[in-house]
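Inspection log for the structure reproduced underneath, given as C-alpha cells.
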Amino acid sequence: MNTLTKRAWLLAGGIIVLLGSCVSILWLRQGSLQSSDTYTAYIYQDGRLLQTIPLGPVAEAYRFTIAATDGGYNSIEVSPGGIAIVEADCPDRICVLQGRLSDSLLPIICLPHRLVIELRPDGSASPDASPDAVAY
C-alpha cells in the first residue's frame with residue numbers, strides 16, 4: 001500500500017470518528033434537555049403580560065378565551081407540557097395552524113389580535129429582563 005492510500009484511509013477514518021462523536025453528543029444532549037426542562041407559558045397582548053401558566057403542574061387539559069381589543073377572540077388550550085391556540089376568528093388563522101407549543105424554539109403569534117404566547121424554561125430570566133446585546 002502506498003503512502004497516499006494510507007493517508008486517505010486515516011483521513012476518512014478520522015472524519016467518521018469525528019462525525020460519530022458529534023452525533024452521539026447531540027443525541028445525549030437532546031435527551032437530557034427534553035426530559036429535565038419544564039416550561040412556563042407567557043401570554044402577551046399588545047406588549048403587556050396578561051398571564052403566566054406553569055406547564056409542569058398541569059395534569060388535565062383545559063381551555064380559556066382571550067378577547068382582543070378589536071372584538072375578536074382566541075381560544076387557548078393548555079395541556080400537560082404544551083399550549084396551543086385552538087380557535088380564533090382572525091382572517092388567516094395562522095395562529096391555529098401553528099399547533100401545540102411544547103418547547104421554547106418558536107412562539108405562537110396572532111398578529112391581527114396582537115397576541116403572543118411564548119414558552120421559557122423554568123428558572124430562566126424574568127420576562128421583563130432586558131437583552132444583553134442588540135443585533136441589527
Legend entry - Candidates ALA41, ALA12, ALA68, ALA8, filtered to the one that is in contact (Cβ under 8 Å) with a residue 40 or more places away in the chain and more than 21 Å from the chain's Cα centre (by Cα): ALA68
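Restricting attention to the stretch 115-124, and to residues there that are charged (D, E, K, R) and buried (at least 16 other Cβ atoms within 10 Å of the Cβ), which single residue is farthest from ALA67 (Cα to Cα)?
So, considering only residues that are charged (D, E, K, R) and buried (at least 16 other Cβ atoms within 10 Å of the Cβ), the one farthest from ALA67 (Cα to Cα) is ARG120.
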Inset, instruction - Considering only the stretch 62-77, state which residues are of a type outside the set (D, E, K, R) and surrounded by fewer than 18 Cβ atoms within 10 Å (Cβ to Cβ). - result: TYR62, PHE64, THR65, ALA67, THR69, GLY71, GLY72, TYR73, SER75
Inset, instruction - Answer yes or no as to whether PRO80 is loosely packed, with under 10 Cβ neighbours inside 10 Å and not aliphatic (A, V, I, L, M). - result: no
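Considering only residues that are assigned to a strand (DSSP E or B) and free of Cβ contacts under 8 Å to residues at least 40 places away in the same chain, look in the stretch 84-109 and name the one that is surrounded by the most Cβ atoms within 10 Å (Cβ to Cβ).
The extreme case among them is ILE85.
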Inset, instruction - Select, from TYR73, TYR62, the only residue that is out of contact with any helix residue (DSSP H, G or I) (no Cβ under 7 Å at 6 or more places or on another chain), over 23 Å from PRO121 (Cα atoms) and among the aromatic types (Phe, Trp, Tyr). - result: TYR73
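Read the figures in this text as sums done on the coordinates, not as results from a lab. Computed from a prediction, not measured in an experiment: that's the story for all the values here. Please note: Cβ atoms are built from the backbone with ideal geometry, for glycine as well, and neighbour counts cover all protein chains shown.
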